Amino acid sequence: MDTAKGCSIVEGATMFSKRSLIPQTQTFYDDERPRNRAYILSALGFLLVLALTIKLAFVLNAREGDISGELLNTNAYVANCRTGANQLIQSATSGSDALWNKLADFTDTIGPRLSGSVGLENGIDWVEARMKQDGLENVHREPVQIPAWRRGNEWAILTTPLRNKTLSILGLGLSVGTGGAAISGDVFVVSSFDELESNCSRANGKVVVFNAEWISYGTTVAYRSRGAAAAAKCGGIAALVRSVTPYSLYTPHTGMMSYRDGVKKIPTASVTVEDALMMSRMQSRGTPMSVQLYMEANGDSIPEVTSYNVMGEITGSQYPNEVIVMGGHIDSWDVGEGAMDDGGGLFVSWEAVRLMKVLNLRPKRTVRVVAFVNEEDGARGGQAYRDAHVNETTIIAIESDIGITSPKGLNVTGTDETMNILSKIGQLLTSIDTDTILPGDGGTDVDYLSKDGANIAGLNVDYSKYFYWHHTNADTMDKLDPKDLGKSAATMAVYSYCIADLDKALPRNPKDISML
Ligand SMILES: [Zn+2]
């Protein structure tokens with residue numbers, strides 16, 4: 001520190017002395033030259049200053065033109081809705097505690113809402129009744145055939161080596177059971193599909209444990225989805241899959257899996273990160289391991305039952321058949337309370353429409369909130385909604401299904417003009433920092449509507465912790481911040497209201513729907 005400081009002082013002194021010499025030299029030079037040389041220099045200087053002044057004026061003028069053009073351009077899209085947008089932001093943010101309490105009442109009273117369960121049907125009744133109480137218009141339900149998978153009782157014990165250690169498991173959605181009795185097998189741990197393939201014969205007759213490290217949800221979830229089929233191909237009798245999460249407090253995470261045609265259906269469950277790592281260590285030490293597994297899951301014969309999408313709206317004043325769809329899914333897994341996944345997403349969409357009604361803001365087009373059913377283990381609700389509404393024009397469908405933490409704006413699959421217009425509307429949301437429009441996916445339920453040309457969007461949030469409690473017993477109300485709920489509701493409200501009230505409809509038919 002001291003050495004560097006000393007150097008800078010010396011440099012400064014040198015520079016100062018150099019600068020001080022320049023005026024002295026110039027004064028001396030001018031005095032020694034003929035006077036006409038001074039006039040020429042003065043004239044050149046004048047011309048230079050004049051040219052710079054003209055150039056500067058031109059630049060400033062052009063810039064002013066750009067700025068006013070930009071403002072005019074933005075005003076063209078938000079003039080109709082600016083006042084309403086400000087009211088929506090004010091009401092949504094000041095009402096965030098009430099919204100949190102409403103969702104807490106729902107999740108605490110109704111609990112988990114697995115497809116085909118009494119809990120789900122209670123939840124649908126609750127939402128339909130409250131939408132009517134809220135004064136939403138055209139509140140109704142539409143039938144959807146859904147699978148009624150059940151996990152029943154389930155347990156797993158590591159019986160070898162010395163101690164009997166209970167493993168905390170959650171059967172994976174749509175898995176088969178163990179046929180009415182426990183099955184036993186030696187354990188074979190792999191960290192990847194490649195490792196399994198290279199050692200396929202070693203998996204024969206074994207309980208295969210996939211200890212795949214978290215990379216991202218989109219990448220690592222492949223082991224949950226396809227692990228059972230891969231293990232069965234090598235003769236495995238069951239598959240235990242390390243929970244798909246970046247962080248664990250000994251919490252197993254469930255989620256949907258799928259079998260492959262022509263491959264034996266074997267039972268499959270998630271284990272905790274901690275137990276997967278322990279079994280991996282034991283295998284590395286050469287310790288033999290055996291597991292007993294019991295699952296009553298009904299994946300070999302899943303009944304179909306009738307359930308419902310529920311929806312309500314504010315009907316458009318000029319173009320009621322042109323619809324802005326917003327929503328989340330009402331079903332959840334059978335663990336936790338489905339507070340974040342996806343109670344939060346559904347309730348912020350619902351709040352957006354409710355506030356338009358309360359504030360007497362009726363846009364030109366219809367804004368509808370949809371509580372989609374069966375997103376988790378079938379996505380039948382999204383398909384059924386699309387099939388039932390082919391005679392309408394869905395302008396944009398916006399889903400919130402990756403949590404509601406620190407919303408930033410929307411991820412959008414739309415035309416270039418759509419992106420541009422949404423960015424202009426976003427300028428109304430700078431006060432709550434949710435003005436970011438990025439290319440991206442919508443959500444499982446709304447993606448079906450892209451087939452008919454709808455723009456698709458998803459609420460863009462900070463989901464860095466979302467997968468800590470995703471599909472676990474820990475998906476409960478305490479994970480949601482009231483302020484985040486309020487900001488998310490405001491964001492959904494402003495974008496949907498302003499889109500619905502545009503003079504000219506948002507252009508449809510996005511070219512690139514490959515990411516959906
Ligand atoms: Zn979800």
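Calculated accessible area for the range 154-295 comes out at 42 Å² per residue, all protein chains present (probe 1.4 Å; ligands, DNA, RNA ignored).
When 117, 270 are compared by accessible area at a 1.4 angstrom probe, the order from most to least is 117, 270. Near residue 80: Cβ cut-off under 13 Å, other residues only, Lys/Arg at +1 and Asp/Glu at -1. The net charge is +4.
Computed extension length for residue 420-residue 249: 57.2 nm, one decimal, from 0.36 nm per residue of separation with the Cα-Cα distance subtracted. Based on Cα contacts under 8 Å between residues 6+ apart, the range 154-295 shows a relative contact order of 38 percent.
Note down the relative contact order for the range 216-327 as a percent, whole number, built from C-alpha pairs under 8 angstrom at least six residues apart. Reported relative contact order: 22 percent. Considering only 250, 200, 211, whose Cα is most displaced toward the positive end of the charge dipole of the range 154-295, charges sitting on Cβ of Lys, Arg (+1) and Asp, Glu (-1)? So the residue we want is 200. Taking label positions 7 Å along the Cα-Cβ direction at both residue 280 and residue 155, the computed distance is 2.8 nm, reported to one decimal. Annotation note: trypsin sites (Lys or Arg not before Pro) in the range 131-162 located in DSSP loop regions with a Cβ neighbour count of at most 15 within 10 Å are absent. Using only side-chain charges placed at the Cβ, +1 for Lys and Arg and -1 for Asp and Glu, the dipole size of the range 411-516 relative to its Cα centre rounds to 80 debye. Cross-linked pairs 264/465; 451/487; 264/451; 102/451; 451/479: Cα-Cα separations exceed 32 Å for 264/465; 264/451; 102/451; 451/479. Between the C-alpha center of the range 253-328 and that of the range 428-456 there is a gap of 25 Å. Volume per residue for the range 154-295 equals 98 cubic angstrom (convex hull of Cα atoms). Taking Lys and Arg as +1 and Asp and Glu as -1, the other residues whose beta-carbon sits under 10 Å from that of residue 260 total +3. When you work out D = kT/(6 pi eta Rh) for the range 294-417 at 4 °C and 1.567 mPa s, using the Kirkwood radius from C-alpha pairs as Rh and the Stokes-Einstein form, the result is 81 µm²/s.
For a paramagnetic label modelled on residue 438 (point 7 Å from Cα along Cα→Cβ), amide N atoms under 11 Å away belong, within the range 464-507, to 464.
When the solvent-accessible area of the range 154-295 is split by element, carbon and sulfur atoms take up 51 percent of it, the probe being 1.4 Å. Taking other residues whose beta carbon is less than 14 angstrom from the beta carbon of residue 126, and scoring Lys, Arg as +1 and Asp, Glu as -1, yields -3.
The values are calculated or read from the model by the stated rules, or taken from the named source; none is laboratory data. All figures in this text were calculated on a predicted structure; none of them were measured in a lab. So basically every Cβ, Gly included, is an ideal-geometry build from the backbone, and we count neighbours across all protein chains shown. Side chains included, ligands, DNA and RNA excluded: accessible areas come from the protein's heavy atoms. Shrake-Rupley method; radii C 1.70, N 1.55, O 1.52, S 1.80 Å.
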